[in-house]
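Q: Handing you a structure now.
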Amino acid sequence: MKRVRLLILLVAALGGALFAKNRLGRPHIEVSGKPVPNARVQSIFSAEQLGILENSRKAILFLIRPENYENLSQAQQYFKERMPARRPLRGLFHGYPVLEKVELTDTRKNTLTQAFFDGIANGEGYKCYSPGYAVRFQQGHKTVDVVICFDCEIFQIWPDPERRELPISASARPVFDALLQDAGIRVSWD
């Protein structure tokens with residue numbers, strides 16, 4: 001009888017750990033160690049860029065609108081005329097209007113980076129491009145920026161003189177959404 005109770009307690013404890021939820025009721029997503037790039041990631045980024053992605057101490061995750069503008073006042077005028085009730089823009093990121101942003105450090109930054117790497121490993125990419133997310137990885141004064149469209153499964157890198165459109169799987173999107181939501185940001189493009 002003691003063995004049965006012990007087994008039940010063990011199963012309950014393991015089940016609780018496997019299905020732990022964070023304070024918002026979503027699955028707990030965290031990577032405790034350093035992100036590990038796969039072969040595809042290593043073939044896309046330069047050694048310097050890869051070093052920044054792996055070793056940066058912080059990343060800024062942006063929720064962006066897919067339209068591209070020359071300047072912020074042009075974007076603000078467009079939204080003022082067509083969507084007056086929407087939340088205010090927080091600037092432009094490589095020409096894309098920023099709706100929200102959150103700074104990630106340590107474990108959360110590593111979680112984002114690993115999801116990004118895993119998404120690249122499984123991405124196929126399609127020929128549309130309507131990005132909704134962007135990330136700036138920072139290491140000192142050096143940065144690597146990526147702008148991502150999970151609907152089209154394509155991302156772009158800055159700096160990249162070729163302006164390549166590279167494949168990424170939408171499987172990384174739930175991690176990006178959860179990190180934004182954990183910061184109290186509503187994931188919506190209006």
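Q: Among the listed residues 120, 157, 185, 168, identify the single one that is buried (at least 16 other Cβ atoms within 10 Å of the Cβ) and without any contact (Cβ under 8 Å) to a residue 60 or more places away in the chain.
A: Details: 120 fails: without any contact (Cβ under 8 Å) to a residue 60 or more places away in the chain; 157 fails: without any contact (Cβ under 8 Å) to a residue 60 or more places away in the chain; 185 fails: without any contact (Cβ under 8 Å) to a residue 60 or more places away in the chain.
Of 120, 157, 185, 168, the one residue that is buried (at least 16 other Cβ atoms within 10 Å of the Cβ) and without any contact (Cβ under 8 Å) to a residue 60 or more places away in the chain is 168.
Q: Condition check: farther than 18 Å from residue 189 by Cβ, over 15 Å from the mean Cα position of the chain (by Cα) and not in a helix (DSSP H, G or I). Does residue 103 satisfy that?
A: Numbers: farther than 18 Å from residue 189 by Cβ: yes; over 15 Å from the mean Cα position of the chain (by Cα): no; not in a helix (DSSP H, G or I): yes.
No: the conditions fail for residue 103.
Q: Going by what's in this entry, would residue 108 be described as outside any strand (DSSP E or B), surrounded by fewer than 19 Cβ atoms within 10 Å (Cβ to Cβ) and among the basic types (Lys, Arg)? Steps first, answer last, please.
A: On the way: outside any strand (DSSP E or B): yes; surrounded by fewer than 19 Cβ atoms within 10 Å (Cβ to Cβ): no; among the basic types (Lys, Arg): yes.
For residue 108, the condition - outside any strand (DSSP E or B), surrounded by fewer than 19 Cβ atoms within 10 Å (Cβ to Cβ) and among the basic types (Lys, Arg) - is not met.
Q: For the stretch 132-147, name all the residues that are out of contact with any helix residue (DSSP H, G or I) (no Cβ under 8 Å at 6 or more places or on another chain) and under 25 Å from residue 55 (Cβ atoms). Lay out the reasoning, then the answer.
A: From the stretch 132-147, those out of contact with any helix residue (DSSP H, G or I) (no Cβ under 8 Å at 6 or more places or on another chain) are 132, 134, 136, 140-141, 145, 147; that's our starting set.
Of everything in the stretch 132-147, those that are out of contact with any helix residue (DSSP H, G or I) (no Cβ under 8 Å at 6 or more places or on another chain) and under 25 Å from residue 55 (Cβ atoms) turn out to be 134, 136, 140, 141, 145, 147.
Q: Checking residue 143 against (1) part of a loop (DSSP other than H, G, I, E, B); (2) touching a Lys or Arg at 6+ places or on another chain (Cβ under 9 Å), which single condition isn't satisfied?
A: Every condition holds for residue 143 apart from (1).
Q: Follow-up. Looking at the stretch 139-186 only, could you name the residues that are of a type in the set (A, V, I, L, M, F, W, C) and at pLDDT below 90?
A: Of the stretch 139-186, the ones of a type in the set (A, V, I, L, M, F, W, C) are 144, 146-150, 152, 154-155, 157-158, 166, 168, 170, 172, 175-176, 178-180, 183, 185.
Within the stretch 139-186, 158 is the sole residue that qualifies.
Q: Can you find, within the stretch 62-114, the residue that is nearest to residue 156 (Cα to Cα) among those that are touching a helix residue (DSSP H, G or I) at 6+ places or on another chain (Cβ under 7 Å) and of a type in the set (Lys, Arg)?
A: Filtering first and then ranking leaves 108.
Q: Could you tell me whether any residue of the stretch 139-150 is touching a residue at least 40 places away in the same chain (Cβ under 8 Å), surrounded by 17 or more Cβ atoms within 10 Å (Cβ to Cβ) and in contact with a Gly (Cβ under 7 Å, 6 or more places away or on another chain)?
A: Yes, the stretch 139-150 contains at least one residue that is touching a residue at least 40 places away in the same chain (Cβ under 8 Å), surrounded by 17 or more Cβ atoms within 10 Å (Cβ to Cβ) and in contact with a Gly (Cβ under 7 Å, 6 or more places away or on another chain).
Q: State all residues of the stretch 45-64 that are of a type outside the set (A, V, I, L, M), in a strand (DSSP E or B) and surrounded by fewer than 21 Cβ atoms within 10 Å (Cβ to Cβ); if no residue qualifies, say none.
A: 58
Q: Looking at the structure I just gave you, is residue 176 touching a strand residue (DSSP E or B) at 6+ places or on another chain (Cβ under 7 Å) and within 17 Å of residue 111 (Cα to Cα)? Steps first, please.
A: On the way: touching a strand residue (DSSP E or B) at 6+ places or on another chain (Cβ under 7 Å): yes; within 17 Å of residue 111 (Cα to Cα): yes.
Answer is yes for this residue.
Q: Additional query: Looking only at the stretch 73-95, count how many residues are under 23 Å from the mean Cα position of the chain (by Cα) and surrounded by fewer than 18 Cβ atoms within 10 Å (Cβ to Cβ).
A: Number of matching residues: 7.
Q: Filter the stretch 31-44 down to the residues that are polar (S, T, N, Q) and either part of a loop (DSSP other than H, G, I, E, B) or in contact with an Asp or Glu (Cβ under 8 Å, 6 or more places away or on another chain) (or both), then identify the one that is surrounded by the most Cβ atoms within 10 Å (Cβ to Cβ). Walk me through how you get there before you give the answer.
A: In the first step, residues of the stretch 31-44 are kept if they are polar (S, T, N, Q); the result is 32, 38, 42-43.
With either part of a loop (DSSP other than H, G, I, E, B) or in contact with an Asp or Glu (Cβ under 8 Å, 6 or more places away or on another chain) (or both) added as a condition, the list becomes 32, 38.
On the way: 32: 8, 38: 12.
Among those residues, the one meeting the criterion is 38.
Q: Would you mind stating whether residue 162 is touching a strand residue (DSSP E or B) at 6+ places or on another chain (Cβ under 9 Å) and assigned to a loop (DSSP other than H, G, I, E, B)? Give the steps one after another, and end with the answer.
A: Working: touching a strand residue (DSSP E or B) at 6+ places or on another chain (Cβ under 9 Å): no; assigned to a loop (DSSP other than H, G, I, E, B): yes.
It is false that residue 162 is touching a strand residue (DSSP E or B) at 6+ places or on another chain (Cβ under 9 Å) and assigned to a loop (DSSP other than H, G, I, E, B).
The values are calculated or read from the model by the stated rules, or taken from the named source; none is laboratory data. Here the structure is a predicted model, which means the values were calculated and not measured. Don't worry about glycine lacking a Cβ; one is built from the backbone with ideal geometry, like all the others, and counts go over all protein chains shown.
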